[in-house]
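Colleague: Can you read through this structure? Questions will come right after.
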Amino acid sequence: MNIRGIYAIYRFEMARTGRTLLQSIVSPVISTALYFVVFGAAIGSRIQQVDGVAYGAFIVPGLIMLSLLTHSISNASFGIYFPKFVGTIYELLSAPVSFAEAVIAYVGAAATKSIILGIIILATAALFVPLRIEHPFWMLGFLVLTAVTFSLFGFVIGIWADGFEKLQFVPTLVVTPLTFLGGSFYSIDMLPPFWQWVSLFNPVVYLVSGFRWSFHGTADVGIVFSVAMTLAILAACLGVVWWIFKTGWRLKN
């Protein structure tokens, strides 16, 4: 394996974060702080507890997951789309770096940025609400697994997109609504039975539920189903990435 090649691409992508620090880190943290002010203070004063957890603490996993999903996709999609846009993708394809090594570098950098952002948001949340993490190792596991999975998803979107508008289409119009409707700010047990059943078709429900379980020990769906759904999305993304590089779709043409 070409470790030097992987590290070179990884370092280049990580350096881009330093040049866009306000957009990559500061803006999401400020947005999350506003969520705590609006939802934690305004709504939290009317909803004292959900599943025995203070509402301000209850929404922490959902807020972290919201930022993690959207920024994992955005970081990875832009990272691979920009070389296509400026034409340097051909240098990558002709370099002594295999397809797997390129994916490891780009996805690894995007996932690292998202994990750093998630940890910063977690620290920010501790300033507003008392945090309790019952299963810290599971929490870190879900954080890393989700970041890697949706960075792979973003990598696919970056290859599929043929314009900057398409880069924002899926995160803005698909992932964000699914996250809001996936129990980020409420328990699906609070919904009528029919809508509880409908919510189970939203894959984000399983991600948020598993992540919340690592914090509070309560979940809308079983932890086994949450892990299985995350691994299923990961496997699907790996399969699509393998097919893209095997066929050269949207890369060589």
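Colleague: Name every residue in segment 90-108 that is in contact (Cβ under 8 Å) with a residue 60 or more places away in the chain and of a type in the set (Phe, Trp, Tyr), in order of residue number.
Modeller: Residues satisfying the conditions are PHE99, TYR106.
Colleague: Is it the case that some residue within segment 163-170 is of a type in the set (Asp, Glu) and more than 26 Å from VAL86 (Cα to Cα)?
Modeller: No: zero hits.
Colleague: Now, a different point. How about segment 110-128: which of its residues are crowded, with 19+ Cβ neighbours inside 10 Å and closer than 14 Å to VAL60 by Cα?
Modeller: Once the filter is applied, which keeps residues that are crowded, with 19+ Cβ neighbours inside 10 Å and closer than 14 Å to VAL60 by Cα, segment 110-128 yields LEU117, GLY118, ILE121, LEU122, ALA125.
Colleague: I would also like to ask the following. Quick test for you: out of GLY141, GLY183, pick the one residue that is more than 10 Å from the chain's Cα centre (by Cα), surrounded by 17 or more Cβ atoms within 10 Å (Cβ to Cβ) and either modelled with pLDDT of 90 or more or at positive phi (or both).
Modeller: Just a single option satisfies the conditions, and that option is GLY183.
Colleague: Going by the structure shown, is VAL129 closer than 22 Å to PRO28 by Cβ, over 14 Å from the mean Cα position of the chain (by Cα) and not acidic (Asp, Glu)?
Modeller: yes
Colleague: Separate question: Please enumerate the residues belonging to segment 208-222 that are in contact (Cβ under 8 Å) with a residue 40 or more places away in the chain and surrounded by fewer than 18 Cβ atoms within 10 Å (Cβ to Cβ).
Modeller: GLY217, THR218 - these are the residues of segment 208-222 that are in contact (Cβ under 8 Å) with a residue 40 or more places away in the chain and surrounded by fewer than 18 Cβ atoms within 10 Å (Cβ to Cβ).
Colleague: OK, next. Considering (1) over 14 Å from ILE159 (Cα atoms); (2) out of contact with any Pro (no Cβ under 7 Å at 6 or more places or on another chain), say which one ARG212 fails and leave the rest.
Modeller: Only one criterion is unmet by ARG212, namely (2).
Colleague: Regarding segment 68-89, can at least one residue be identified that is among the polar types (S, T, N, Q), crowded, with 20+ Cβ neighbours inside 10 Å and free of Cβ contacts under 8 Å to residues at least 60 places away in the same chain?
Modeller: Taking every residue of segment 68-89 in turn, none turns out to be among the polar types (S, T, N, Q), crowded, with 20+ Cβ neighbours inside 10 Å and free of Cβ contacts under 8 Å to residues at least 60 places away in the same chain.
Colleague: It is to be established whether one or more residues within segment 24-34 are surrounded by fewer than 21 Cβ atoms within 10 Å (Cβ to Cβ) and over 17 Å from ILE120 (Cα atoms).
Modeller: No, segment 24-34 has no match at all.
Colleague: Still on this structure: Kindly provide the set of residues from segment 1-52 that are charged (D, E, K, R) and closer than 27 Å to PHE155 by Cβ, ordered by number.
Modeller: If the condition is that a residue be charged (D, E, K, R) and closer than 27 Å to PHE155 by Cβ, then ARG4, ARG11, GLU13, ARG16, ARG19 are the ones that fit.
Colleague: If VAL107 satisfies every condition in (1) among the β-branched types (Val, Ile, Thr); (2) within 18 Å of VAL148 (Cα to Cα); (3) surrounded by fewer than 19 Cβ atoms within 10 Å (Cβ to Cβ) but one, which is the exception?
Modeller: Result: VAL107 fails condition (3) only.
Colleague: Would it be correct to say that ALA54 is at pLDDT 90 or above and small (Gly, Ala, Ser)?
Modeller: no
Colleague: Restricting to segment 154-178, count the residues that are surrounded by 19 or more Cβ atoms within 10 Å (Cβ to Cβ) and either aliphatic (A, V, I, L, M) or more than 20 Å from LEU63 (Cα to Cα) (or both).
Modeller: Of the residues in that region, 9 qualify.
The values are calculated or read from the model by the stated rules, or taken from the named source; none is laboratory data. Because the structure is a prediction, the values reported are computed rather than measured. No Cβ is skipped: glycine too gets one built from the backbone with ideal geometry, and neighbour counts run over all protein chains shown.
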